[in-house]
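The values are calculated or read from the model by the stated rules, or taken from the named source; none is laboratory data. Worth saying up front: this structure is predicted, and the values here are computed from it rather than measured. As a convention, Cβ positions derive from the backbone with ideal geometry for all residues, glycine included, and neighbour counts pool all protein chains shown. In case anyone asks, the SASA skips ligands and DNA or RNA and just uses the protein heavy atoms, side chains included. Shrake-Rupley method; radii C 1.70, N 1.55, O 1.52, S 1.80 Å.
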Amino acid sequence: MSGLSRYSLGGSTRLSWLDALPWLGEHRSGPPLLGEGDLLANAWMTTAAGESVPPEHLDEVCRRLAAVFVHDHRELTLAAAFPHAPDRATELGLGDRADAALRAAGVTELAEFTVARLADLRGVGPASITEIVTALIQRSIETVPENAPALAEFDRLYSELGERDRFLLTARILTDSRTTLAECGTALGISRERVNQLDNRLRDRVHAAFHSSRYLRAAADRLAAAAHPVAGLDRLVAAVPELGAPLGDTGIALCFALAHLDTRFDVVDGWVVAETMDSARGRVRATLAALASDEGLVSIPTIAAELGIPEAEAATWLQYAGYRVLDGHVLVRSTSVHDNIAAVLALAGSPMTIDDIHAAVVPARSLSSVRNAMVSDDRFVKTDRAHWALARWGTSRYVPIHRQIGEVLDANGGRIPVEELVARLTGAFDVKEFSVRTYAASGEYMTIDGIVTRRHQSQRARKSPAKTRNLYREGPVLRLRTTIVAPHVKGSAFNLPAALAGLVGVGPNRSVELSSRLGPQSILWVAVQARSGTIKRFIDHLGLAPGDEVFLEFAPEATERPQFDVVPVAPTVRGGALRRVLAATGHSRTNELGDAELAPALAEALWLPPDAEVATIVTTLRARKEDALAELLTAERD
């Protein structure tokens, strides 16, 4: 409040028009609001409210300003527009019609209303809205009597002080930033010790005056009583303007002075708090903990009622104190991503997609962090392929389709007609019929004559290694040539060819973990196919980017070297077609082999007999859809 402009006007103190009505700031540059005759358009806004307006015209000016507000500021809350007016409609002195309309609509406090919201109330017409806004303007510019008892008491004390004591009062006692004794001594031209003597004597005098004055103590009691444990200073000053009035020529508001004389409360950043800000924070924290739901949520109306302050004020203070306010609730526990997710789901009240949950988590976390938190926390369950819920809701837990099939088979003696299986799963979960049929006929399950059972023999790869595109070998080393794409860079897992999975030893219900120079590499069987774990650490280590070509090297039987590695594809080598094609398979000795050794090495890389002719190699490459390599060999032969 110390920043408000106030003017003494023959026994009263007024706010400036701009301080009383902050929204006037948008009209400073014109056009003139009170007529075209102003020498400087709207210069009156910086004067004391009402000073330049004859008393007999003041009501008309208030009505004119009300018309401007109603037309131009329909979405501004009345609390923000009229911070120095009372919130309760009964304190505005409205006429019978407007008062009855508000009562019929059940409106007692106006703070959170806007003109637009008032217009939506049944029975509250344009005339009533204009009357309400006019009354708010009138109450905002009311005078603060200078002879208010507490203010008069302090002014009397101040007038009796000498120049040095007045200096020390503002420099040492009624301030949060005390001037040092040495600095005061320099300013007053006396010793540090003498300043200390004067300071102690003045403190005793001021405190004695405070405790002996029933008016000063009553004003302090009002502030202390309001802080349970926190209250908005603007609201208190609006109700008791004397609290915001300045003391003499100090520029210090009465409420700040009282806060330095009474240890029961403090005034900090526009808030009146019990004892200290830390103490108030602690009491609110304890209150929130007692009221919080399982997910750490407290509704704003609930905490506002507990603190005895308006809901908007409660929300503002909680945000000031560092809490997150979301959808009319305060998140008591929001430091961990787990608690954030729990609160988001609790507010939604129904299952959400992981993308929607991710978007609602604040501060922002990576999608993988959100997913990992949900998978690892028993509070969350997956309800279908895309949605998650709180476990306490009792929603059926979703499991992958292949596990759903297994559970159904176990419950039905190991066999079930595929039509019945499809009906059960599509009816219970958000899964497609095609997916159910696909899983029921692959991996660990098979469908024969319309009956689904478990597969008793290992599923064979549909393609042999010799027919699998970009899959090569060199002795015990298997190489899969691939291109780095965005999902690799993000750390996603990815599919591997079935033929490679068989060579590595991965199949239904069987995964492997290979050693590598950067830690273990998992190769998993997920539902109906093999998947490699993330290779992001290799990408980062090698400085790779989307579009770069690499070989994924697998050596599952190796003991002297890593069983898995990622190797960038080397630049094209020089030489004949056989040498260049062999280099394209990632062969480690391409440049060392003699010409006679190239064809056998290439045949081995493609799972062909070592004596296979070049024509056979070309045919194999074409069958694998590696036409560029086939054309290279063909062109040289032609």
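In this rough spin-label picture, where each label sits 7 Å from Cα along the Cβ direction, the Ala558-Trp393 distance is 4.8 nm. Under a model in which nothing but the beta-carbon of Lys, Arg (+1) and Asp, Glu (-1) is charged, the chain shows a dipole of about 2320 debye around its Cα centre.
For a protection proxy built on the mean count of beta-carbon atoms within 10 angstrom, sort 18-24, 207-213 highest first, please.
On the way: 18-24: 20.4, 207-213: 14.7.
The most tightly packed comes first, giving 18-24, 207-213.
By its C-alpha gyration tensor, with a ≥ b ≥ c as the square roots of the eigenvalues, how is region 362-495 shaped: rounded for a/c under 1.5, else prolate for a/b larger than b/c, else oblate? Oblate, since a/c reaches 1.5 and b/c is not below a/b. Taken along the Cα-to-beta-carbon direction at a fixed 7 Å, the label points for Leu291 and Glu109 span 1.2 nm. Heavy-atom surface analysis with a 1.4 Å probe gives region 477-536 a carbon and sulfur content of 56 percent of its accessible area.
Per residue, the accessible area of the chain comes to 49 Å², computed with a 1.4 Å probe over protein heavy atoms only. Each peptide among 271-279, 289-297 gets the average number of other Cβ atoms lying within 10 Å of its residues, and from highest to lowest they stand as 271-279, 289-297.
In terms of the Cα gyration tensor, with a ≥ b ≥ c the square roots of its eigenvalues, is region 159-200 rounded because a/c is under 1.5, prolate because a/b exceeds b/c, or oblate? It would help to have the intermediate numbers written out before the result.
Details: a/c = 1.73, a/b = 1.15, b/c = 1.51.
Since a/c reaches 1.5 but b/c is at least a/b, the shape of region 159-200 is classed as oblate.
Counting only C-alpha contacts under 8 Å and six or more residues apart, can you give the relative contact order of region 101-197 as a whole percent? For region 101-197, the relative contact order is 12 percent.
Across the options Leu347, Asn412, Ala428, the greatest Cα extent toward the positive end of the charge dipole of region 322-440 (unit charges at beta carbon of Lys, Arg, Asp, Glu) belongs to Leu347. To the nearest 10 degrees, how steeply does helix 277-291 sit against the main Cα axis of the chain, on a 0 to 90 scale? Roughly 60 degrees, rounded to the nearest 10. With helices as the sole contributors, the chain gives -12500 deg cm²/dmol at 222 nm; each DSSP H run of n ≥ 4 counts as -39500 (n - 2.57), and the sum is divided by every residue. Cross-link partners for Lys467 among the lysines, with Cα-Cα distance under 30 Å and sequence neighbours closer than 8 places in the same chain left out: Lys536, Lys625. What you get for region 209-342, charging only the Cβ of Lys and Arg (+1) and of Asp and Glu (-1), is a dipole of about 280 debye around the Cα centre. If only the Cβ of Lys and Arg carry +1 and only the Cβ of Asp and Glu carry -1, the dipole of region 127-273 around its Cα centre is close to 420 debye. Classify region 96-140 as rounded, prolate or oblate from the Cα gyration tensor: take a ≥ b ≥ c as the square roots of its eigenvalues, call it rounded if a/c is under 1.5, otherwise prolate when a/b beats b/c and oblate if not. Taking the square roots of the gyration eigenvalues as a ≥ b ≥ c, region 96-140 is rounded. Computed from the C-beta positions of Ala80 and Ala152 and an R0 of 45 Å, the FRET efficiency is 0.85 to the nearest 0.05.
With the simple model of a label 7 Å out from the Cα in the direction of the Cβ, Thr175 to Ala208 spans 2.5 nm. Phi-derived couplings, Karplus 6.51 cos²θ - 1.76 cosθ + 1.60 at θ = phi - 60°, listed residue by residue for region 154-165: 5, 4, 5, 4, 5, 5, 8, 7, x, 4, 5, 5 Hz, with x used for Gly and Pro. The protection proxy used here, the mean number of other Cβ atoms lying within 10 Å of each residue, ranks peptides 251-259, 306-314 as follows, highest first: 251-259, 306-314.
Separation of region 566-635 from region 349-383 is 48 Å, based on Cα centroids.
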